[in-house]
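Quick note: the coordinates plus some simple rules give every number you see, no bench work behind them. Note that this is a predicted model, so its numbers are computed, not measured. Cβ sites come from the backbone with ideal geometry, for glycine too, and all protein chains shown count toward neighbours.
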Amino acid sequence: MKKVFYLKTCDTCRKIIGQHDTRDWEMREIKMNPITAEEVEDMYKLAGSYEALFNKKSNQIKLQELDPKALKEEDYKELLLDHYTFLKRPVFLTENEIFIGSDKANLGKLKEYFFSLKED
């Protein structure tokens, strides 16, 4: 299993995906094809929390008048399934690894992962 969850309207997603060879990856545009409960569970198992998957910059936080500091793990899970913008993106998911979002540390690990694929 190799999946990339992204938004086609997100320049950051397009830029990050464009830096890697994703030809043999399943590409999932999450607005048109929302994530499933099973996929959220798969992500959770590798991420260790639903909060790690949650986009705290989503415009839905303000629209839904949510207080991110008051949210619990189950709240994050429900919100991730409720609206596509709550997923921090892009998410690269394999059987054993997950790479979430666009922060420098994550992008460094993602680059190392793709580099290791070239060595095989």
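Report the one residue of Ser102, Val91, Ala37 whose Cα lies farthest in the direction of the positive end of the charge dipole of the chain (charges on C-beta: Lys and Arg +1, Asp and Glu -1; origin at the Cα centre). The listed residue farthest towards the positive side: Ser102.
Spacing of the modelled spin labels on Glu29 and Glu95, each 7 Å from Cα toward Cβ, amounts to 3.0 nm. Estimated purely from DSSP H runs of n ≥ 4, each contributing -39500 (n - 2.57), the mean residue ellipticity at 222 nm for the chain is -12000 deg cm²/dmol once divided by its residues.
Within the chain, all pairs of alpha-carbon atoms sorted by distance into 10 Å bins from zero give the percentages 13, 48, 32, 7, 1. By how many degrees, between 0 and 90 and to the nearest 10, does the Cα long axis of helix 73-82 differ from the longest principal axis of the chain? So the inclination is approximately 80 degrees.
Asp75 sits among other residues whose Cβ lies under 15 Å from its own Cβ, and their net charge, with Lys and Arg +1 and Asp and Glu -1, is -3. The simple spin-label model puts a point 7 Å past each Cα toward its Cβ; for Lys72 and Glu112 those points are separated by 3.5 nm. By its C-alpha gyration tensor, with a ≥ b ≥ c as the square roots of the eigenvalues, how is the stretch 51-96 shaped: rounded for a/c under 1.5, else prolate for a/b larger than b/c, else oblate? Note, shape of the stretch 51-96 comes out prolate.
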